[in-house]
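For reference, the structure is listed below as structure tokens.
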Amino acid sequence: MESDAELVRVVLNGDRQAYGRLFERHERSVLAVVLAVLGDYHAAQDVSQDAFVKAYRNLGGLRKGASFGPWVREIARHEAIDVRRRASQRKRVELPDNGTDEPPNDGHIDEQNRLLLDAVTRLPKHEQEVIMLHYFEDHPVKTVSEMTGRPVGTVTMQLSRARSHLQKSLKES
Amino acid sequence: MEKESERLDQRLESLGGLLRSQPSVTRRAMRAIEQMPPVKRHRPVIFMPSVARSGIGLAACFLIGVFLWLGLGGPANITLADVQKSIDSKPWVLIRYDDGSQEWANLRERRSFFTRADPDGRNFYAGMRDHVQGIWRSYHSNWGRQIHEQPFTPRPYPQTPWEYAVGDWDDRGIERFSRTVVEKLSDNIKGRDVVRFDTYDVGPLGFRVLAQQVWADPETRLPIRIRKYSGPDRGDRSTTGDFSFPETGPSSIHDLGAPQDLPIVVNWGVIEPAAQAVVEAAKQALRRLPQSTRIIQKSKYGLSISYRSGNRFRQESYGKTDAGHSTPLALEFPDDPEQIYQWAPGHLTLFQVCIYDVQYEYTYDTGEGLWDSSTAPGATLRVRRHGEDWMDALLPIRDQWPFITNVGPMKVLENEPGTPPSLIWLRYEGLNLRRDWRLDPSRDYICVRQFEFSKKAGQWVEDESRQTERTDLTRLASGQWYARTVRNPGIIAAPRQFDVKVLTEAEMEEVAGTEGFTAFFSGEKLLKGATDNGATVTFWAR
């Protein structure tokens, strides 16, 4: 399997389709990050899409292709915060609802999953990444190892540590 | 401890499953990306390294970075709501459409103007709505030398300048889609980079249809162009309008081209009180029909079996054709309606299934009926959104009660000599169309005779093909009346026969059979089945 770094290189050489593969690889983890901020599936999908488009536009500036995952998630998180901020401003001045591009509120994530997502997004970046790739993108440990360029043993250890951190964090919350 | 770890593992897996079950946006995003230029690696550029090493240089580099970041991210941050909001400060919005129509909106005074003319100038219309006073004034070249004025109750919709400006406010307030999706794309108009917002209406099972496109200037955020889709999603029913923002606009419909010095006729379409009472009584009769019924309609060439259960409706249509699907074949039915409905599926060909579930009408055409020369053979399914009163339009015996939706000048006339005195003669007379109904008030106001006229050379001429006679008035066990036989004397056609039966809950369950009551009336199930069978699905835009 190609690593993220290789795929980024291929995209920068003009192959847009390779970006689709990168996209599919990280789509669920990006959705998770956005969902943790917005709590609404429909809105999260729209923001995820925007984040990937923005990431593509700025891909030339990404110094380490291997960091594509954390990088695109960070872009998505910023986009989501921005959307949340604008939505709260709109509520404050009580502007009429224009309807068409406001995400409807029928896709809310439940509280338990929201807490879990919060905890995942507060993990150290390298642990966050393996949890998302393994559980959210459904990649086996070996694939996660190939994608991130880390040895299988390292990924296994990071997963184990991440789980411990999550347990602790969830207990506290 | 191990149990806790196991539980966490399960929670993470379950959350992962939930995330993966969400529809992917990859294709949407890739469509946007395919329209963008290929991305290249940025070359590192070093500005004045000696200065950059100093504190001032670092600050300058930071500011440049912020500037570049904002510059790159600017257009991407525009939303459709920003574009809609951008016109708020404009006094006027003018949209010129490619079909020759124009919409003017005076945003400060909340008045909208509309004008349309055929290219040859034969049909010209100009209208003005004052959304504060609730006045609608209009002129049409076919209406004779007069201007019509009619009050209307300003609705809660439209509420924003955008809604005034882009029109559609007349019915959008009633029939808004429960969910829309907006996609943002880069586009180009006459060499100028713009942002485009595609709005899709989302229907059952996630089917979507392109309903509207808006192009906007990424710098000013003002709209440049709008395209509205109104039919099935084939791209052939749309109008495109270009925005401009003049400082002034028309003050009356005369400024748009309506002739001066014409008399203003107020409330032309008013219904006289006596007629209004009859119309209301007919409406009530229709409403009193039992909520759980089976209606069989048979004619020489067709059979339909309809079921109504409250606000759900299902109709199956059967028939036979020749091998080339070009000629209908005459049918012979068993006499007993109880036999017909069980006999039909095994002896006739199913042409169509229609289901209405309060929100959508699903019409599944099996492709086994007559083949229209303009359409390719094959199964099709059309999904169209309708309001709550659509059931009235679907009921096969609905036209036995007139005027459910008609609006216009109506009056009750004195009966002509020879007409049974028990009948009521009701007339609608527009500028070019007249309809006469003879209603039987003792039998639920059923219309037993109907005539239609059109104006030719200033004279009313009857269209005999539109004459209708309803006989064999029959009373249901629940007390309501309906006509079993409907004839059109002006055309050579066999009568249509109706049989209405009130069904108990148990009988309706029996009809639904093994698939169950809910599935029997489920449009989504019909849609899924049709899709699995390769039917062409068309989801209609608003």
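The values are calculated or read from the model by the stated rules, or taken from the named source; none is laboratory data. Given the structure is predicted, the values throughout are model-derived calculations rather than measurements. Positions of Cβ are generated from backbone atoms using ideal geometry, with glycine treated the same way; all protein chains shown enter the neighbour counts.
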Residue, farthest from the other protein chains (Cβ to nearest Cβ), within the range A:40-90, restricted to residues that are within 15 Å of the chain's Cα centre (by Cα) and polar (S, T, N, Q): A:67
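If only one of B:367, B:346, B:387 is under 30 Å from residue B:437 (Cα atoms) and either at pLDDT 85 or above or within 23 Å of the chain's Cα centre (by Cα) (or both), which one is it?
Details: B:367 fails: under 30 Å from residue B:437 (Cα atoms); B:346 fails: under 30 Å from residue B:437 (Cα atoms).
Matching residue, one of B:367, B:346, B:387: B:387.
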Evaluation of residue A:124 against (1) away from every other protein chain (no Cβ under 13 Å); (2) under 13 Å from the mean Cα position of the chain (by Cα); (3) at pLDDT below 85 (one fails), failing number: (2)
Residue that is surrounded by the fewest Cβ atoms within 10 Å (Cβ to Cβ), among those in the range A:129-143 that are in contact (Cβ under 8 Å) with a residue 24 or more places away in the chain and away from chain B (no Cβ under 12 Å): A:143
Output for the range B:1-11, where each listed residue is part of a helix (DSSP H, G or I) and more than 8 Å from every other protein chain (Cβ to nearest Cβ): B:2, B:3, B:6, B:7, B:10
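Which residue, of A:133, A:95, A:159, is in contact with a Lys or Arg (Cβ under 9 Å, 6 or more places away or on another chain) and at pLDDT 85 or above?
Working: A:95 fails: at pLDDT 85 or above; A:159 fails: in contact with a Lys or Arg (Cβ under 9 Å, 6 or more places away or on another chain).
On inspection, the qualifying residue turns out to be A:133.
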Number of positions in the range B:431-488 that are of a type in the set (Gly, Ala, Ser), farther than 24 Å from residue B:277 by Cα and surrounded by 15 or more Cβ atoms within 10 Å (Cβ to Cβ): 0
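When the residues of the range B:282-292 are filtered to those that are within 17 Å of residue B:399 (Cα to Cα) and not charged (D, E, K, R), which remaining residue is surrounded by the fewest Cβ atoms within 10 Å (Cβ to Cβ)? Explain how you work it out, then say what you get.
Of the range B:282-292, the ones within 17 Å of residue B:399 (Cα to Cα) are B:282-290.
In the following step, the residues that additionally are not charged (D, E, K, R) were identified as B:282, B:284-286, B:289-290.
Values: B:282: 24, B:284: 12, B:285: 20, B:286: 19, B:289: 22, B:290: 15.
Taking the candidates together, the pick is B:284.
When you scan the range B:265-372 for strands (runs of 3 or more DSSP E) that lie fully inside it, which ones turn up with 2 or more residues that are in contact with an Asp or Glu (Cβ under 8 Å, 6 or more places away or on another chain), among the charged types (D, E, K, R) and under 30 Å from residue B:140 (Cβ atoms)?
Numbers: elements: B:292-298, B:303-309, B:312-319, B:349-356, B:360-365.
Hits in the range B:265-372: none.
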Residue ranges of helices (runs of 4 or more DSSP H) in the range B:12-115 with at least 1 members modelled with pLDDT under 75 and of a type in the set (Lys, Arg): B:26-34
All positions within the range B:502-542 that are closer than 14 Å to residue B:307 by Cβ and surrounded by 15 or more Cβ atoms within 10 Å (Cβ to Cβ): B:502, B:503, B:508, B:511, B:512, B:517, B:520, B:521, B:522, B:523, B:526
Hits in the range A:144-173 - residues which are closer than 24 Å to residue B:21 by Cα and either assigned to a loop (DSSP other than H, G, I, E, B) or away from chain B (no Cβ under 14 Å) (or both): A:147
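Just to be sure before I move on: is residue A:15 in contact with a Pro (Cβ under 7 Å, 6 or more places away or on another chain) and not small (Gly, Ala, Ser) in the structure I sent?
no
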Of all residues in the range A:148-173 being aliphatic (A, V, I, L, M) and out of contact with any Ser or Thr (no Cβ under 6 Å at 6 or more places or on another chain), the one that is surrounded by the most Cβ atoms within 10 Å (Cβ to Cβ): A:162
Enumeration of residues in the range B:284-305 that are under 14 Å from residue B:482 (Cα atoms) and either basic (Lys, Arg) or not assigned by TED's automatic domain parsing to the domain that holds residue B:397 (or both): B:287, B:288, B:294
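Do you know which residues across the range A:107-121 are under 13 Å from residue A:73 (Cα atoms) and more than 9 Å from chain B (Cβ to nearest Cβ)? Outline the logic, then answer.
Restricting attention to the range A:107-121, the residues satisfying the condition of being under 13 Å from residue A:73 (Cα atoms) are A:120-121.
Across the range A:107-121, the qualifying residue is only A:121.
Conditions (1) closer than 30 Å to residue B:362 by Cβ; (2) assigned by TED's automatic domain parsing to the domain that holds residue B:87; (3) modelled with pLDDT under 90; (4) in contact with a helix residue (DSSP H, G or I) (Cβ under 6 Å, 6 or more places away or on another chain), marked per residue:
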site: B:124; (1), (2), (3), (4): no, yes, yes, yes
site: B:141; (1), (2), (3), (4): no, yes, yes, no
site: B:145; (1), (2), (3), (4): no, yes, yes, no
site: B:182; (1), (2), (3), (4): yes, yes, yes, yes
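What tally of residues in the range A:17-40 results from selecting those that are under 18 Å from residue B:31 (Cα atoms), among the basic types (Lys, Arg) and in contact (Cβ under 8 Å) with a residue 40 or more places away in the chain?
Keep residues of the range A:17-40 that are under 18 Å from residue B:31 (Cα atoms), which gives A:17-27.
Add one more test, that the residue is among the basic types (Lys, Arg), and what stays is A:21, A:25.
Keeping just the survivors that are in contact (Cβ under 8 Å) with a residue 40 or more places away in the chain gives A:25.
Of the residues in that region, 1 qualify.
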Some residue of the range B:388-396 being part of a loop (DSSP other than H, G, I, E, B), touching a Phe, Trp or Tyr at 6+ places or on another chain (Cβ under 6 Å) and in contact (Cβ under 8 Å) with a residue 24 or more places away in the chain: no
Number of the condition not met by residue B:242 [criteria: (1) assigned to a strand (DSSP E or B); (2) acidic (Asp, Glu); (3) in the same structural domain as residue B:517 (by TED's automatic domain parsing)]: (3)
